[in-house]
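The values are calculated or read from the model by the stated rules, or taken from the named source; none is laboratory data. Computed from a predicted model, the values in this text were never measured in an experiment. Don't worry about glycine lacking a Cβ; one is built from the backbone with ideal geometry, like all the others, and counts go over all protein chains shown. Heavy atoms of the whole protein, side chains included, go into the accessibility calculation; ligands, DNA and RNA do not. Shrake-Rupley method; radii C 1.70, N 1.55, O 1.52, S 1.80 Å.
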Amino acid sequence: MSLEALLDQAAGKPVTFLTGAGISAPSGIPTFRGKGGFWTVGSTVYRAQELATRAHFRSDPWDVWAWYLYRKATCDQAKPNTAHFALANLEARLGERFHLVTQNVDGLHTRAGNRQDRIFEVHGSGRLMRCARHCTMDRFPIPESIVLPEAGQPIDEVSQALLVCPKCGNMARPHILWFDEYYDETLYRSQSALHAVADSGLFVTIGTSGATSLPSYAIQIANERGAVVVDINPESNPFRRNAERTLRGTFLDGDATQAVPALCDRIGHKWGV
Ligand code: NAD
């Protein structure tokens, strides 16, 4: 079925977008597997899948922190692109009918203007830290005065002293879901994100490869609920293949910076906002 006909089916209903690293690639933030990606760089000794773990944080917390702070520097320098802005603009028009689930930790949706309380950051945020000893579940901004290291460089001692929980003074950790941890409602609102998908008549995946589990649950839920599903990606992936299999799905084969604004325009038109 054509995109226009599918949007007619969903028109007026709540919409959930799920974004992955691909939406931020045109902003200069490498994807999971892309060339020179954060996950291929790692530290001088460890690969990313070993580094981004609670186990490695326990044995060498400063190595883990150095890597996240290097990533933070890249994200801080990046700017939201037309795809991020199109989503912020659509949220302003749809209000309560708009939901945004992101796997990204770069903060570009917030900087583009999406309301923080409507974004489900299911893998955490590279701008936040929390108590490593769980004295509180509160999250705190990583202090601005920290000197962000170059790739593979250590953190200076003055900066180390700032990476502490403001409540108890023990060491803080990045507010990131690591490879050896589980999705969690209190910390990452992962269950609420899936409820938003279940509530939606249209579910759009953008720039995600499907390598993580929450997007896979989400697409199952969308299918079970009879939602229209649309995938945006220049490459094939499980969401595109799902869209090809179902009568209620389609995909847009292209760059998020072009496909997302075009789709948001069509949604705005069909939803009458
Ligand atoms: P992924 O790297 O596994 O997949 C990226 C996807 O984006 C691919 O399918 C690719 O074809 C697509 N893509 C590349 N350029 C695109 C473009 N211009 N427009 C549209 N799509 C494009 O990413 P993932 O599925 O999000 O999983 C990565 C994991 O790593 C997540 O857990 C995420 O938290 C983390 N991560 C986050 C960032 C970030 O915050 N920006 C960056 C890298 C990794």
Completion exercise
Note on residue 212: of the conditions (1) free of Cβ contacts under 8 Å to residues at least 40 places away in the same chain; (2) open to solvent by 20 Å² or more (accessible area, probe 1.4 Å), unmet is (1)
Exercise for the section: Using the structure shown, decide if residue 224 is surrounded by fewer than 19 Cβ atoms within 10 Å (Cβ to Cβ), among the acidic types (Asp, Glu) and more than 23 Å from residue 109 (Cα to Cα). Expected result: yes
Handout entry: Which numbered condition residue 18 fails, given (1) within 11 Å of the ligand (Cβ to nearest atom); (2) modelled with pLDDT of 95 or more; (3) part of a helix (DSSP H, G or I)
Key = (3)
Problem - Single match in 148, 100 (criterion: outside any helix (DSSP H, G or I), closer than 30 Å to residue 252 by Cβ and of a type outside the set (Gly, Ala, Ser)) - result: 100
Exercise for the section: For the range 138-156, state whether one or more residues are more than 16 Å from the ligand (Cβ to nearest atom), open to solvent by less than 50 Å² (accessible area, probe 1.4 Å), under 20 Å from the mean Cα position of the chain (by Cα) and at pLDDT 95 or above. Expected result: yes
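Residue-by-condition table, conditions (1) without any contact (Cβ under 8 Å) to a residue 40 or more places away in the chain; (2) open to solvent by 60 Å² or more (accessible area, probe 1.4 Å):
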{"position": "135", "(1), (2)": "yes, yes"}
{"position": "170", "(1), (2)": "yes, no"}
{"position": "173", "(1), (2)": "no, no"}
{"position": "176", "(1), (2)": "no, no"}
{"position": "186", "(1), (2)": "no, yes"}
{"position": "189", "(1), (2)": "no, yes"}
{"position": "193", "(1), (2)": "no, no"}
{"position": "198", "(1), (2)": "yes, no"}
{"position": "204", "(1), (2)": "no, no"}
Practice task
Please work out which one of (1) modelled with pLDDT of 95 or more; (2) within 30 Å of residue 7 (Cα to Cα); (3) within 16 Å of the ligand (Cβ to nearest atom) is the condition residue 212 fails and give its number.
Solution key: (1)
Exercise for the section: Sort out which residues of the range 230-263 are open to solvent by less than 60 Å² (accessible area, probe 1.4 Å), of a type in the set (S, T, N, Q) and part of a loop (DSSP other than H, G, I, E, B), and write them in order of number. Expected result: 233, 237, 246
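For residue 114, state whether it is away from the ligand (no atom under 16 Å from the Cβ) and either polar (S, T, N, Q) or open to solvent by 30 Å² or more (accessible area, probe 1.4 Å) (or both).
Answer is no for this residue.
Matching residues to (1) modelled with pLDDT of 90 or more; (2) open to solvent by 20 Å² or more (accessible area, probe 1.4 Å); (3) more than 15 Å from the ligand (Cβ to nearest atom); (4) in a loop (DSSP other than H, G, I, E, B):
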residue	(1), (2), (3), (4)
13	yes, yes, yes, yes
22	yes, yes, no, no
26	yes, yes, no, no
33	no, yes, no, yes
39	no, yes, no, no
44	no, yes, yes, yes
55	yes, yes, yes, no
62	yes, yes, yes, no
Exercise for the section: Of the conditions (1) part of a strand (DSSP E or B); (2) within 14 Å of the ligand (Cβ to nearest atom); (3) out of contact with any Gly (no Cβ under 9 Å at 6 or more places or on another chain), residue 173 clears all except one; give me its number. Expected result: (2)
